[in-house]
Every structure is written in C-alpha cells, then in structure tokens.
C-alpha cells in the first residue's frame with residue numbers, strides 16, 4: 001500500500017487543476033483584455049478568436065491595454081461566473097445566449113456581427129408539401145425536429161413561438177417516437193442537414209431552420225426543398241452579438257467599439273475577420289434589436305421553465 005501511495009498521489013495532482021498554471025487573476029490587471037467564448041471545442045474556437053484578439057490589442061494601447069488573453073467556458077453558467085468576477089471582458093454570442101447573459105445582469109450587447117450577408121435572421125417552420133399541417137396549431141400530436149439545445153434559430157425561437165401559441169412541448173425518445181395527442185413532440189437532430197433529411201424521409205412531421213440555412217444548399221439540398229413548404233416564421237433577432245461585461249472601464253469599451261467598427265475598412269483586419277466565423281463587419285445595436293433581445297430573453301426563460 002505504501003508503494004502505491006506516491007503513484008496515486010501523482011495521479012491526483014496531475015488530474016487536479018493547477019492554480020499556478022492559471023497564473024494571477026486577470027481581473028486584477030487592468031492592462032489585460034480578456035476575450036471569452038463558451039466552447040465545446042476549445043482548440044477550434046481558439047484558432048477563430050486569436051487572430052481577432054491579435055488585431056485588437058495593439059489598437060487598445062491608448063486606453064492602457066497592453067496584452068490580451070482568451071478564456072474558454074464550458075457552458076453559459078461558467079461564462080456567467082467569469083463575467084460576474086471580471087475574468088472575461090468581452091465575448092461574441094448568439095442572440096439566445098446574449099439575451100440570457102443580459103437578463104442575468106452580467107453583460108451588455110454593444111455590437112452586432114454581420115455574417116452570411118446578414119445582421120438579423122429568423123426561424124422557418126417547414127413541412128412536406130403533402131403534409132396536412134397548415135399552421136403551428138396543426139402540430140399538436142405531431143413531431144418537429146430542432147437542431148440542438150443551444151441553438152437560437154433552431155430551438156429557442158421556434159420553441160418559444162409554439163409556447164406563445166398555446167402549445168405544450170414534449171421531448172421524444174427518437175424521431176420515430178410519437179407525442180401525446182395534445183402536445184408537440186420534439187427531437188434534436190444535431191445538424192441542419194439532418195433536420196431536412198428527417199422531414200424529407202417523413203421521420204418527423206416538421207423541421208425548423210433559420211432563413212439563412214434555408215437558402216444554403218449544403219444545409220438544405222435543393223432536391224429536398226422542392227418537396228417542402230413553409231408554414232410559419234418567427235420574429236427577427238440579431239445574427240450574433242458582441243457583449244462586454246458590466247463594470248468594464250467605459251474608456252476601454254468605447255475604444256473597443258471603435259476598433260471593431262473600423263475593422264471592416266482596414267485591410268489589416270481582413271484575415272482576422274474571415275477567420276472569426278467569416279464576419280464581414282460589426283455594426284451598432286439599435287433600439288429594435290434591443291427590444292427583440294428583450295422578447296427573446298422572455299421566450300428563453302419560458303422555454304427553460306416549461307420545457308426543459
């Protein structure tokens with residue numbers, strides 16, 4: 001047993017997080033700007049974030065920023081903690097997650113990211129052309145395919161709209177499962193192409209995609225879409241948002257806004273923007289966008305309370 005103790009202790013230390021490896025808290029160093037991301041694939045997301053951070057940091061020198069860091073969170077709860085404690089200064093998020101973070105009082109949206117030629121998008125409900133479903137009310141007792149529990153356009157938005165219309169949702173065990181007659185059954189298909197395929201093969205009665213995915217042939221093959229028809233759509237929400245934590249120095253926030261908004265006209269930023277999820281530019285968030293985020297926050301809260 002004594003011989004095993006050193007080896008066992010070594011394993012425990014190797015598995016335990018090292019406070020020294022993490023270094024001093026960046027919350028205590030006003031010269032460090034930390035870019036955060038909720039990630040299930042830290043390496044891939046680091047490669048997306050690093051070029052943008054490298055572009056931004058040198059241009060933040062007038063407000064005392066000397067260096068930058070990237071900090072990943074495993075989920076929205078951990079990111080909320082990072083923002084609340086000042087460990088993350090700014091992040092890019094979907095509208096659904098941005099609405100949650102604003103509702104929790106830890107961050108504020110200040111710019112919209114333009115991607116795929118759009119600053120806003122919405123969800124589309126679709127069925128086969130020969131389906132008896134004519135409206136969302138006809139989905140009671142039938143099934144719908146969402147993408148994932150983290151998707152704004154293919155989960156939060158459409159689920160909230162169904163709830164607002166008086167429908168009750170029920171998680172199904174598989175695409176072949178059936179809901180109660182008075183409920184809308186839902187399953188997560190993981191990818192947009194799976195959603196289209198499941199509807200086309202009649203595995204589910206309806207699917208939901210964003211209007212941007214609807215016109216993307218890689219996600220909605222033309223051979224499928226010609227057999228589909230739309231039955232409903234949701235409100236528009238921002239495509240993606242830049243947020244800063246509450247309590248960030250106003251001078252830093254102002255300069256960060258300037259740098260990001262000017263990036264689209266700076267040739268030196270083109271590669272960083274391309275690698276940052278193929279972002280075209282950053283634009284100010286308007287009153288209509290803030291109202292849309294407020295409605296979305298209410299919808300997300302209701303989905304989590306009544307569905308999850």
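Computed from the coordinates by the stated procedures, all read-outs in this text should not be read as laboratory data. A quick note: this is a predicted structure, and the numbers were derived from the prediction, not measured. As a convention, Cβ positions derive from the backbone with ideal geometry for all residues, glycine included, and neighbour counts pool all protein chains shown.
Over its Cα atoms, what ratio of radius of gyration to 2.2 N^0.38 Å does the range 38-146 give?
So the range 38-146 has a normalised radius of gyration of 1.49.
Taking every DSSP beta bridge that has both residues in the chain, what percent is antiparallel when rounded to the nearest 5?
Taking every DSSP beta bridge with both residues in the chain, the antiparallel ones total about 60 percent.
Please state the relative contact order of the chain as a whole percent: Cα pairs under 8 Å, 6+ residues apart?
Normalised by residue count, the contact order of the chain is 26 percent.
Which percent, to the nearest 5, of DSSP beta bridges fully inside the range 123-234 are antiparallel?
Counting DSSP beta bridges with both partners in the range 123-234, the antiparallel share is about 50 percent.
7 Å from Cα along Cα→Cβ at both residue 137 and residue 287: what's the point-to-point distance in nm?
Roughly 3.5 nm, to one decimal.
Over the Cα atoms of the range 138-210, what radius of gyration and what Dmax do you get, in Å?
Expressed in Å, the Cα Rg and Dmax of the range 138-210 come to 10.9, 29.
Kirkwood hydrodynamic radius (Cα pairs, Å) of the chain?
21.3
Return a whole-number percent for the relative contact order of the range 123-234, with Cα pairs under 8 Å and 6 or more residues apart as the contact set.
Relative contact order here is 43 percent.
Could you put 50, 201 in order, starting from the residue whose Cβ has the fewest other Cβ atoms within 10 Å?
201, 50
Would you mind ranking 277, 176, 72 so that the residue whose beta carbon has the fewest other beta carbons within 10 Å leads the list?
So the ranking, lowest neighbour count to highest, is 176, 277, 72.
If neighbour count is taken as other Cβ atoms inside 10 Å, put 285, 70 in order from fewest to most.
Sorted ascending by nearby Cβ count, the order is 70, 285.
Under a 10 Å cutoff between Cα atoms, tell me which one of 209, 76, 296 has the largest fluctuation in the Gaussian network model of the chain.
Maximum fluctuation in the GNM of the chain, among the listed residues, is at 76.
Rounded to the nearest 500, what is the 222 nm mean residue ellipticity of the chain from helices alone, with -39500 (n - 2.57) per DSSP H run of 4+ residues and division by all residues?
It comes out at -10500 deg cm²/dmol, rounded to the nearest 500.
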